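**Student:** Encoded as structure tokens, here's the structure I'll be asking about.
The values are calculated or read from the model by the stated rules, or taken from the named source; none is laboratory data. Computed from a prediction, not measured in an experiment: that's the story for all the values here. Virtual Cβ from ideal backbone geometry, glycine too; neighbours counted across all protein chains shown. These accessible areas exclude ligands, DNA and RNA; they are computed on the full protein's heavy atoms, side chains included. Shrake-Rupley method; radii C 1.70, N 1.55, O 1.52, S 1.80 Å.
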Amino acid sequence: MERNLFGKTGLLLSKVVYGGIISMNESRTDSDAYVSYAIDAGVNYFDVAPSYGDAQEKLGISLKPYRNNVYLACKTAQRTAFEERKELENSLATLFTDHFDIYQLHALSTPEDLDTVFGKDGAMETLIKAKSDGLIRNIGFSAHNEDVAIKALLTYDFDSVLFPVNFAQSL
């Protein structure tokens, strides 16, 4: 499987990503089989979020034998430091890991999101501290609004950005 450098992370990630939502609502046996198949095919990047139903629970168990040989990313929709810290700790425990290779603010969409995230007691306080403590190796975000994404990039030196590109809309 071909691999590419991802953002400023320095991580060499497989071109195909295992979206944790694949394990959502599946049996443990099926989730284990899907993860094993992906590993055998050369996938080394797994991405999940608490908003994906029971995917964290399933993926955490399925990834246990492989965790030291793959990159694991998680996303958060929390915007305050307190709520973000609770979610981060829960995701780490649920996924049986001591760190995330990439942790992303998910779906930054409005100027209000940015005001909260970057404001006093905002989620960035937790993310910066977690990175300093080694719980997060790289901080990123996803966005669907160009103005919000640009403002976020001007506010913090993120390691990665996920932004949808739809080639059909640009034709």
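**Student:** Taking the square root of 5 times each eigenvalue of the Cα gyration tensor, what semi-axes in Å does the equivalent ellipsoid of the stretch 28-69 have, largest first? List each step's numbers first, then the result.
**Tutor:** Numbers: eigenvalues 55, 26, 17 Å².
For the stretch 28-69, the semi-axes come out at 17, 11, 9 Å.
**Student:** Net charge near Gly122: determine it from the other residues with C-beta under 11 Å of the C-beta of Gly122, scoring Lys and Arg +1 and Asp and Glu -1. Don't skip to the answer; put the middle values down first.
**Tutor:** Values: positive: Arg79, Lys120; negative: Glu83, Glu84, Asp113, Asp115, Asp121, Glu125.
With Lys, Arg at +1 and Asp, Glu at -1, the neighbours total -4.
**Student:** Rounded to the nearest 20 debye, what is the charge dipole size of the chain about its Cα centre when +1 sits on each Lys and Arg Cβ and -1 on each Asp and Glu Cβ?
**Tutor:** Numbers: 16 positive and 24 negative charges, 73 e Å.
So the magnitude is around 340 debye.
**Student:** Using a 1.4 Å probe, how large is the accessible area of Lys75, given in Å² and rounded to the nearest 10?
**Tutor:** Per-residue accessible area (Lys75): approximately 10 Å².
**Student:** Only four residue types carry charge here, +1 at the Cβ of Lys and Arg and -1 at the Cβ of Asp and Glu. Report the dipole size of the stretch 1-42 about the Cα centre in Debye, rounded to the nearest 20. Walk me through the numbers before you get to the answer.
**Tutor:** Values: 4 positive and 5 negative charges, 60 e Å.
The dipole of the stretch 1-42 has a size of about 280 debye.
**Student:** Also: What does DSSP give for the chain in terms of the percent of beta bridges that are antiparallel, rounded to the nearest 5?
**Tutor:** 20 percent
**Student:** In the stretch 1-151, what percent of the accessible surface is made up of carbon and sulfur (1.4 Å probe, ligands and nucleic acids excluded)? Walk me through the numbers before you get to the answer.
**Tutor:** Details: 3840 of 7300 Å².
Using a 1.4 Å probe with all protein chains present, the stretch 1-151 comes out at 53 percent carbon and sulfur.
**Student:** Right, next: Does the stretch 37-105 come out rounded, prolate or oblate by the C-alpha gyration tensor, with a ≥ b ≥ c the root eigenvalues, rounded set by a/c under 1.5 and, if not, prolate when a/b is larger than b/c and oblate if not? If you can, show how the numbers build up before the last one.
**Tutor:** Values: a/c = 2.06, a/b = 1.97, b/c = 1.05.
Prolate is the answer for the stretch 37-105, as a/c is 1.5 or above and a/b outweighs b/c.
**Student:** How many percent of all Cα-Cα pairs in the stretch 65-105 sit more than 10 Å apart? Present the calculation step by step, with values, prior to reporting the outcome.
**Tutor:** On the way: 589 of 820 pairs.
Tail of the P(r) past 10 Å holds 72 percent of the pairs.
**Student:** Calculate, axis by axis, the spread of Cα positions in the chain along the three principal axes, and write the results as whole Å, longest axis first.
**Tutor:** 43, 43, 29
**Student:** If you don't mind, another one. With only Lys, Arg, Asp and Glu charged, each at its Cβ (+1 for the first two, -1 for the last two), find how big the charge dipole of the stretch 36-98 is about the Cα centre; round to the nearest 20 debye. Each step should come with its number before you reach the end.
**Tutor:** Numbers: 7 positive and 9 negative charges, 8 e Å.
Value, rounded to 20: 40 debye.
**Student:** Checking the table Lys8/Lys151; Lys75/Lys129; Lys58/Lys120; Lys64/Lys131 against a 25 Å threshold on Cα-Cα, which pairs fail?
**Tutor:** Details: Lys8/Lys151 18 Å; Lys75/Lys129 16 Å; Lys58/Lys120 35 Å; Lys64/Lys131 22 Å.
Over 25 Å Cα-Cα: Lys58/Lys120.
**Student:** Give, as a single signed number, the net charge of other residues whose beta carbon lies under 12 Å from the beta carbon of Lys75, with Lys and Arg counted +1 and Asp and Glu -1. Write down the numbers at each step before the final one.
**Tutor:** Details: positive: none; negative: Asp47, Glu84, Glu87.
Combined, the nearby Lys, Arg, Asp and Glu give -3.
**Student:** Over all alpha-carbon pairs in the stretch 1-84, figure out the percentage whose distance exceeds 19 Å. Intermediate values should be presented prior to the final figure.
**Tutor:** On the way: 1368 of 3486 pairs.
More than 19 Å apart: 39 percent of the Cα pairs in the stretch 1-84.
**Student:** Further, regarding this structure: Calculate, for the chain, the solvent-accessible area per residue in square angstrom, rolling a 1.4 angstrom probe over the heavy atoms of the protein chains. Don't jump to the answer; show the numbers that get you there.
**Tutor:** Numbers: 8910 Å² over 171 residues.
That works out to 52 Å² per residue.
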